[in-house]
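Here's the structure we're looking at; comments come further down.
Each reported figure results from applying straightforward, stated rules to the coordinates on display, with no laboratory input. Please read all numbers here as calculations on a predicted model, not as lab measurements. Every residue, glycine as well, gets a Cβ built from its backbone with ideal geometry; the counts of neighbours run over all protein chains shown.
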Amino acid sequence: MVALSGVDAEFSGASGTFPTVRPRRLRTTPAMRRMVAEHRTHPADLILPAFVREGVDAPVPISSMPGVVQHSLDSLRAAAVEAVEAGVSGLMLFGVPEDEKKDAVGTPGTDPDGILQVALRAVRAEVGDELVLMADTCLDEVTDHGHCGVLDSEGRVDNDATLARYGEMAVVQAEAGARVLGPSGMMDGQIGVIRRALDAAGHQDVALLAYTAKYTSAFYGPFREAVNSSLRGDRSTYQQDPPNAREALRELALDLAEGADMVMVKPGLPYLDVLRTIADRVTVPVAAYQISGEYAMVEVAAERGLLDRERAIDETLTAFKRAGADLVLTYWATEFARRSRERL
Ligand code: PBG
């Protein structure tokens, strides 16, 4: 496949000019390296995940994610404007209701005045369709037990009862102005049920970003603080088990058959193999979610002077593009987009 004949000839030792084939020629200057780069991350590839907290009038820092906050409505609006100005494509919103409003079925998730819905309307009013507005369609931020679904009498996550709640949430989120929904709960059938609920309510144009391969991960740790989660235990009965790659293809087939418009792999860096495999097989856009723990690892290591922060960020984003991602959800979206525009 690769023509190595020149190399073979040189290995004969006949030439006194070995090596004549020198890959380093294309690495000599920044301009040269930029010219021959196989992959680039463009601001338009990026989606900013953001948290909005009910009942605060100033942003609340998230200590486990240095530099990320739980937004107030005002600071969220400002962050949305900054994202637009930097050229970021989308905003994925997570709502954090007041603790006392959380209950067993996640009522704030279907209340038109729940924080996520209020925030969707506020961002739409501020930036219109200049950002693709996305909503997390999941119950863990709004339930008092912190699971992604409702529980049965034995405390297990009840798949089909949860689907009914997702269908209701989806319609409420679409009505609040979300253009894309991200069902992140890993219930069986969630894409199909949400698609039908949206269509029945006249929201045929609201798209679904399927969390196709979402793995149970230790790297979600900081997110728990970000959404004030009260989860005890873990999500291993619904999220995928880390050793399984082939199973992701089964999830993929289901999501596509049920009507996914885009598919996603999550977490990002520990699952680049799954990302590559999926990207090689689909005709829909593929996203990677660089999650809270991936963010925190770089920030904390950089804080301690262990690595060059900006280079590390750039390298991780490059890794997603190289592994086949079209889109990347990253907490660095606005910062990276700004920096890449400055470089032009
Ligand atoms: C569930 C959800 C989670 C994240 C996004 N959606 C948490 C989980 O599955 O445990 C994690 C995002 C991150 O860690 O950055 N609604």
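Using the number of other C-beta atoms within 10 angstrom as an exposure proxy, rank Met262, Met169, Met35, Met187 with the fewest first. Working shown, then result.
Details: Met262 19, Met169 27, Met35 9, Met187 23.
So the residues, fewest neighbours to most, are Met35, Met262, Met187, Met169.
Could you pull out every one of the aspartates and glutamates with an alpha carbon less than 14 Å from that of Lys102, ignoring same-chain neighbours closer than 8 positions?
Qualifying aspartates and glutamates at Cα under 14 Å: Glu54, Asp111, Asp113, Asp140, Glu141, Asp144.
About the Cα centre, and with charges only on the beta carbon of Lys, Arg (+1) and Asp, Glu (-1), how big is the dipole of the chain? Nearest 20 debye, please. Write out the running numbers ahead of the final one.
On the way: 36 positive and 51 negative charges, 362 e Å.
Value, rounded to 20: 1740 debye.
Of Gly67, Thr237, Gly128, which is farthest on the positive side of the dipole of the chain, counting Cα position, with +1 on Lys and Arg Cβ, -1 on Asp and Glu Cβ, and the Cα centre as origin?
Gly67
In debye, nearest 20, what is the charge dipole magnitude of segment 20-175 about its Cα centre with +1 on Lys and Arg Cβ and -1 on Asp and Glu Cβ, if you could check?
1800
Given 10 °C and 1.306 mPa s, how large is the Stokes-Einstein diffusion coefficient of segment 57-153 in µm²/s, with Rh as the Kirkwood radius over Cα pairs? Don't skip to the answer; put the middle values down first.
Numbers: Rh = 14.3 Å.
Rounded to a whole number, D works out at 111 µm²/s.
Of Ser72, Ser217, Ser63, which is the most mobile in a GNM of the chain whose springs link Cα atoms less than 10 angstrom apart?
Ser63
Give me the percent relative contact order of segment 223-344, please, defined on Cα pairs under 8 angstrom at least 6 residues apart.
Answer for segment 223-344 is 25 percent.
Segment 148-250: percent of C-alpha pairs farther apart than 25 Å?
Pairs farther apart than 25 Å: 25 percent.
For the charge dipole of the chain, defined by +1 on Lys and Arg C-beta atoms and -1 on Asp and Glu C-beta atoms about the Cα centroid, which residue among Ile191, Ala80, Cys138 has the Cα displaced farthest towards the positive pole?
Ala80
How do His145, His42 line up, fewest other C-beta atoms within 10 Å first? It would help to have the intermediate numbers written out before the result.
Details: His145 20, His42 11.
Sorted ascending by nearby Cβ count, the order is His42, His145.
Which residues make up the longest stretch of the chain that has no GluC sites (Glu not before Pro) in a DSSP loop with at most 10 other Cβ atoms within 10 Å?
155-344
Per residue, how big is the convex hull around the C-alpha atoms of segment 229-332? Give it to me in cubic angstrom, could you?
Convex hull of Cα atoms, per residue: 132 Å³.
Just need the relative contact order of the chain here, percent rounded to a whole number, with Cα pairs under 8 Å and 6+ apart.
Computed over the chain, the figure is 18 percent.
By counting other Cβ atoms within 10 Å of each Cβ, how are Val300, Val150 ranked from fewest to most?
Placing the least packed residue first, the sequence is Val300, Val150.
Please list, or write none, the lysines whose alpha carbon is within less than 30 Å of the alpha carbon of Lys321, excluding same-chain residues fewer than 8 places away.
Straight-line reach from Lys321, under 30 Å: Lys214, Lys266.
So for segment 39-343, considering every pair of alpha-carbon atoms, how many percent are separated by more than 24 Å?
When all Cα pairs of segment 39-343 are counted, 48 percent exceed 24 Å.
Given a 10 angstrom Cα cut-off, can you work out which residue in Ala210, Ala218, Ala31 is the most mobile in a GNM of the chain?
So, out of Ala210, Ala218, Ala31, the one fluctuating most is Ala31.
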